[in-house]
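Taking it in order: structure first as structure tokens, then the write-up.
The values are calculated or read from the model by the stated rules, or taken from the named source; none is laboratory data. Keep in mind that what you see is a predicted model, and the values were worked out from it rather than measured. We place every Cβ from the backbone using ideal geometry, glycine too, and count neighbours over all the protein chains shown. Heavy atoms of the whole protein, side chains included, go into the accessibility calculation; ligands, DNA and RNA do not. Shrake-Rupley method; radii C 1.70, N 1.55, O 1.52, S 1.80 Å.
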Amino acid sequence: MSRKLEGKIAVVTGGTSGIGLATAKRFAMEGAQVFITGRRKTELDKAVAAIGPKATGIQADSGNLNDLNRLYESVKGQAGHIDVLFVNAGGGSMLPLGSITEEQYDDTFNRNVKGVLFTVQKALPLLVDGASVILTSSNVSIKGTPAFSVYGASKAAVRNLARSWTLDLKSRGIRVNVVSPGPIKTPGLVELAGPDAEQQQGLLDYMATTVPLGRVGDPEEVASVAAFLASSESSYIAGTEIFVDGGQAQV
Ligand code: NAP
């Protein structure tokens, strides 16, 4: 069977953990050469080793424009262009209205909005016409979630960026789409419960009860949707959002 991304050049931001790591592995399995980013060097090195010879790690904070310049200089030097850009780096923390701090706001919006915006804008000279750009949002962007308003608002912004960019990029045939996970078992999710393993399991168990399919998702289940959006199998899909949430926000 032919591989979906044979010979393609892919960049996966936040590719050292959870959804990004699973997707980088999947892209490599599908034949792509994959550049991954993350802020922590040790995690980056571990991820590159886990993905294998098709992976290159570039330490970069998506909220830092100099880091993004360095990232793309490196990709340009080593690969010359980008076919697939998975803008996945992000995350958030929980604070209810009344306790929200400027620091939490800045951290969340830097990662999830500023980082997404400049990761795509700075990639434009390298993106081939017909490239696929995939942004990671979240199903909380279409719901209210206690103590998660800053994160939810930042992810709602991501959804709208994809709509407008689909129009901005139409002359180049670049498809911009959004993948919106529900609860997916990753370090980023369980750490919302704090460092205690029992509390982390408690969070996963509770989350499972809120999902029609009765369980939290695996990162590979998001990776397979990202691989679909990255490939020509989704050639007539643009500006859309695919929820991978076991139905949590759909019913
Ligand atoms: P994760 O396990 O914490 O992984 C996050 C990845 O992003 C790591 O590689 C992290 O590495 C990187 N990262 C974070 N901030 C970064 C920055 N400023 N610059 C560069 N890299 C950065 O989280 P995950 O659950 O896989 O989340 C991936 C994406 O899915 C996020 O956008 C998240 O908001 C979204 N999401 C997750 C869920 C879920 O339930 N897991 C649900 C909906 C949406 P470093 O920390 O080393 O930088």
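Accessible area of the chain with a 1.4 Å probe: how many percent of it is carbon plus sulfur?
53 percent
Kirkwood hydrodynamic radius (Cα pairs, Å) of segment 97-159?
Computed over segment 97-159, the radius equals 12.9 Å.
Report the relative contact order of the chain, percent, no decimals, based on alpha-carbon pairs under 8 angstrom and at least 6 residues apart.
That works out to 20 percent.
Can you give me the Cα centroid spacing of segment 31-49 and segment 215-241 in angstrom?
21 Å
Just to be sure I understand: if I project the alpha-carbon convex hull of the chain onto a plane and average over all orientations, what area do I get in nm²?
13.4 nm²
Size of segment 1-148 along its principal axes in angstrom, Cα-based, largest extent first?
The Cα atoms of segment 1-148 stretch 52, 34, 33 Å along their principal axes.
Using only the Cα atoms, work out Rg/Rh for segment 143-220, with Rh taken as the Kirkwood radius, to two decimals.
The Rg/Rh ratio comes out at 1.09.
Note down, for segment 182-251, the three equivalent ellipsoid semi-axes (square root of 5 times each alpha carbon gyration tensor eigenvalue), biggest first, whole angstrom.
After diagonalising the Cα gyration tensor, the semi-axes are 28, 14, 9 Å.
To make sure I understand the rule: partners must be lysines, Cα under 21 Å from the Cα of residue 46, and not fewer than 8 residues away in the same chain. Which ones qualify?
25, 54, 185
Compute the accessible area per residue over the chain, keeping the other protein chains in place, probe 1.4 Å, unit Å².
I get 46 Å² per residue for this part.
Using a 7 Å offset from the Cα along the Cα-to-Cβ direction at both residue 97 and residue 42, what is the distance between the two label points in nm, to one decimal?
That separation, rounded to one decimal, is 4.0 nm.
Which values, in whole Å and largest first, are the semi-axes of the equivalent ellipsoid of segment 133-184 obtained as the square root of 5 times each eigenvalue of the Cα gyration tensor?
Largest first, segment 133-184 gives 25, 11, 6 Å.
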